[in-house]
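*Asks:* Sending over a structure as structure tokens; questions will come in a sec.
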Amino acid sequence: MITLLKNAKVIDPAHNKDGVVQDIYIRDGRIIAKPADSEKIGQVHDLNGKIVMAGAIDMHSHIGGGKVNIARMLLPEYQAMRRLDEPEAHICGANCSHHATPNTTDTGMRYIEMGYTAAFEPAILAVNARQAHMEMGDTPMIDKGGYAMLGNDDYFLRLLSQNADQKTINDYVAWTLHATQTIGIKVVNPGGISAFKFNERRQDLDQQHSHYHITPRRILQALSRAVNEIGIAKPLHVHCNNLGVAGNFQTTLDTMGASDGLPMHLTHIQFHSYGTEGDKKFSSAAANIAEAINSNKHITADVGQILFGQTVTASGDNMMQHLNAKVANPKKSVIMDIECDAGCGVVPFKYRDQNYVNALQWAIGLEVFLSVDDPWRVFLTTDHPNGAPFTSYPHLIRLLMDKTFRNDAFDKLNLNAQAMSNLKSLDREYSLYEIATMTRSAPAKLIGLQDRGHLGVGAAADITVYTDQPDKEAMFAKPDLVFKDGELVVKDGKVIKVVWGATHTAKPTFDLGVEKDIKHYFDRYHTMQMQNFKISNDQIAEDGRNHVINHVQG
């Protein structure tokens, strides 16, 4: 059956379309060229005056893996009871909602209701990938994917310390992508998570690891080169050293140079943009960071905006989460290790607009957004749930698009924080075209999803329809229509049909001979066999609700 979206006002930055009125034809889940007059149109939606964009893509959101489950169990007091209507009530119990870490069903429902059709878990512990995929496979409505964490695992650090050649490292990185069914590689506090286990409490970029005698810079160089040489699209996803530390902006600037000019993505950069000026020795270095991003074309970044209210921070950076545990709100936390290869820290936190540091963090994130020139290289995230739940995205979009609204909010902040920010001097207001770029076209390009994030012929028919409104928060909170793979699944902001998305992966070629040493390592040090570590396509799809889309042919 062919579906016609008639008179669509298309905003599609991938094809330089900004408000172009055109018809869109859909067949078998794909956007097609105008069919022959003899072909029957089965369904017509007249979208006269409506804004039409591709489905949004969240390129960094913690939606799977053990840490979000731990967060839910740690904070039962934030479990919410909700009365649900069909079809959501059919798959989600009344207590399935959680304030900061919605469960799998709630996650899919809330994303699709905002017009998001894909989300990517940015920190899949390789040893815990099977659980992460089970959770993401249980998340309806949206496509999923993830980035495997390397850079602190014992096998990789042994390779570096033994001066393994780059080919061996490349084979191990590619093997990890296959084994974990992921689409990118992430490094969290390079070397620092491992150093924490050797009683270190801070790891700087050029500080040698006390046991492996390598530096974070060496880790970044090896992984950046590997990701580039094995040919996957997604640049190395980097959570820098010294997360949240006053004065860490210099580490961030130095990290930009550690890839030796190869593409590198710096994540939740707001948390890495802090100076030490002023009486409180905590200041904004957003201008330095934005200037560096503007100058270094190989660098991209997502912001990790904080918004005020209760949330929970969940990070693989157990070194820094151990430090943050003293400011937990409520006063409880979990710091843990998994198989000596990775770990996580879960710390609840409440951001307050009258707290000097929190207020300045809010301003710093917006300063970065408004000071980076190219919306293709800065991405809209809250590092869900660390800066705020993803459900706050419509509010964040309004802050970016409405200077009056933003300045009114700024005027309510802690006065000392106001004095340390130049936010009110920034007049920029994002356009709908720029919002579409940073939430659709740019993340699809960055991750390597050639058939997502745009409305060209051949693209997956993931499409969101909005009514343009002066209040952009209201506009982006409740789309008129959302199509997932060509099916109408949301009408007037409510789910009307439950569907299940795909898992996106990248599987570059590698020398299978690398498994000989990896198997020996598993047999000697791990509590599981190597064959049980690897996840197959069939295991992803075995419940009949999911399937794998590979974006690199191997």
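The values are calculated or read from the model by the stated rules, or taken from the named source; none is laboratory data. Because the structure is predicted, anything quoted here is derived from the model rather than measured. Note that we place each Cβ from the backbone using ideal geometry, even for glycine, and neighbour counts take in every protein chain shown. These area figures cover heavy atoms from the full protein model, side chains too; ligands, DNA and RNA do not enter into them. Shrake-Rupley method; radii C 1.70, N 1.55, O 1.52, S 1.80 Å.
*Asks:* So, restricting to strands (runs of 3 or more DSSP E) that lie completely within the range 15-85, which ones have at least 3 residues that are under 27 Å from ARG110 (Cα atoms)? Step through it out loud before you land on a result.
*Replies:* On the way: elements: 17-27, 30-32, 41-46, 51-54, 56-58.
Result: 17-27, 41-46, 51-54, 56-58.
*Asks:* Can you tell me how many residues within the range 387-402 are open to solvent by less than 10 Å² (accessible area, probe 1.4 Å) and within 28 Å of MET320 (Cα to Cα)?
*Replies:* Final tally of qualifying residues: 5.
*Asks:* Restricting the first residue to the range 458-471 and requiring it to be of a type in the set (Ser, Thr, Tyr), which pairs with a second residue that is modelled with pLDDT of 95 or more and open to solvent by 50 Å² or more (accessible area, probe 1.4 Å) meet a Cβ separation below 6 Å and a spacing of at least six or different chains?
*Replies:* Close Cβ pairs (under 6 Å, with a partner that is modelled with pLDDT of 95 or more and open to solvent by 50 Å² or more (accessible area, probe 1.4 Å)) do not exist here.
*Asks:* Inspect the range 371-380 for any residue being in a helix (DSSP H, G or I), touching a residue at least 12 places away in the same chain (Cβ under 8 Å) and surrounded by 17 or more Cβ atoms within 10 Å (Cβ to Cβ) and give the result as yes or no. Even if it seems obvious, please write down each step before you answer.
*Replies:* As a first pass, look at the range 371-380 and keep what is in a helix (DSSP H, G or I): 371.
Restricting the remaining residues to those that are touching a residue at least 12 places away in the same chain (Cβ under 8 Å) gives 371.
Those left that are additionally surrounded by 17 or more Cβ atoms within 10 Å (Cβ to Cβ): 371.
So far as the range 371-380 goes, yes, one or more of its residues are in a helix (DSSP H, G or I), touching a residue at least 12 places away in the same chain (Cβ under 8 Å) and surrounded by 17 or more Cβ atoms within 10 Å (Cβ to Cβ).
*Asks:* Among the residues of the range 83-117 satisfying the criterion of being open to solvent by 70 Å² or more (accessible area, probe 1.4 Å) and over 26 Å from LYS472 (Cα atoms), which is modelled with the lowest pLDDT?
*Replies:* Initially, the range 83-117 is screened for residues open to solvent by 70 Å² or more (accessible area, probe 1.4 Å), giving 83, 85-86, 90, 95, 99.
The next check asks that each one be over 26 Å from LYS472 (Cα atoms); those that pass are 83, 85-86, 90, 95.
Working: ARG83: 67, ASP85: 72, GLU86: 73, HIS90: 66, ASN95: 58.
My answer is ASN95.
*Asks:* When LYS350 is evaluated against the numbered criteria (1) touching a helix residue (DSSP H, G or I) at 6+ places or on another chain (Cβ under 6 Å); (2) more than 18 Å from ALA436 (Cα to Cα); (3) of a type outside the set (S, T, N, Q), which criterion, by number, is the only one it fails?
*Replies:* Against the list (1) touching a helix residue (DSSP H, G or I) at 6+ places or on another chain (Cβ under 6 Å); (2) more than 18 Å from ALA436 (Cα to Cα); (3) of a type outside the set (S, T, N, Q), LYS350 comes up short only on (1).
*Asks:* Kindly provide the set of residues from the range 512-554 that are open to solvent by 40 Å² or more (accessible area, probe 1.4 Å), within 25 Å of CYS340 (Cβ to Cβ) and charged (D, E, K, R), ordered by number.
*Replies:* The answer is LYS516, ASP517, LYS519, ASP523, ARG524, LYS534.
*Asks:* Taking the condition of being outside any loop (DSSP other than H, G, I, E, B), more than 12 Å from ASP374 (Cβ to Cβ) and of a type outside the set (Val, Ile, Thr), how many residues in the range 426-439 meet it? Show your work before the answer.
*Replies:* So the first thing to find is which residues in the range 426-439 are outside any loop (DSSP other than H, G, I, E, B), and the list is 432-439.
After this cut, where a residue has to be more than 12 Å from ASP374 (Cβ to Cβ) as well, the list is 432-433, 435-436, 439.
Then drop every residue that is not of a type outside the set (Val, Ile, Thr), which leaves 432-433, 436.
Count: 3.
*Asks:* Select from the range 272-319 the residues that are at positive phi and part of a loop (DSSP other than H, G, I, E, B) and write down the one among them that is most open to solvent (accessible area, probe 1.4 Å). Steps first, answer last, please.
*Replies:* The first filter runs over the range 272-319 and keeps only residues at positive phi, leaving 278, 281, 304, 309.
From the residues that got through so far, the ones that are part of a loop (DSSP other than H, G, I, E, B) too are 278, 281, 304.
Values: GLY278: 35, LYS281: 129, GLY304: 0 Å².
Among them, the one singled out is LYS281.
*Asks:* Being among the charged types (D, E, K, R) and open to solvent by 70 Å² or more (accessible area, probe 1.4 Å) is the filter; apply it to the range 1-38 and report the residue that is nearest to GLY453 (Cα to Cα).
*Replies:* Our first condition is that a residue be among the charged types (D, E, K, R); within the range 1-38, this holds for 6, 9, 12, 17-18, 23, 27-28, 30, 34, 37.
Those still in the list that are open to solvent by 70 Å² or more (accessible area, probe 1.4 Å) too: 6, 9, 18, 27-28, 30, 34, 37.
Details: LYS6: 20, LYS9: 16, ASP18: 15, ARG27: 18, ASP28: 18, ARG30: 13, LYS34: 20, ASP37: 29 Å.
Per the stated criteria, the residue is ARG30.
*Asks:* Of all residues in the range 127-153, count the ones that are of a type in the set (Ser, Thr, Tyr) and more than 19 Å from GLU487 (Cα to Cα).
*Replies:* Adding up the residues that qualify gives 1.
*Asks:* If you don't mind, there's one more thing I want to ask. Suppose we filter SER210, SER259 for residues that are assigned to a loop (DSSP other than H, G, I, E, B) and open to solvent by 10 Å² or more (accessible area, probe 1.4 Å); which single one remains? I'd like the intermediate steps shown before the answer.
*Replies:* Values: SER259 fails: open to solvent by 10 Å² or more (accessible area, probe 1.4 Å).
Just one listed residue meets the conditions, SER210.
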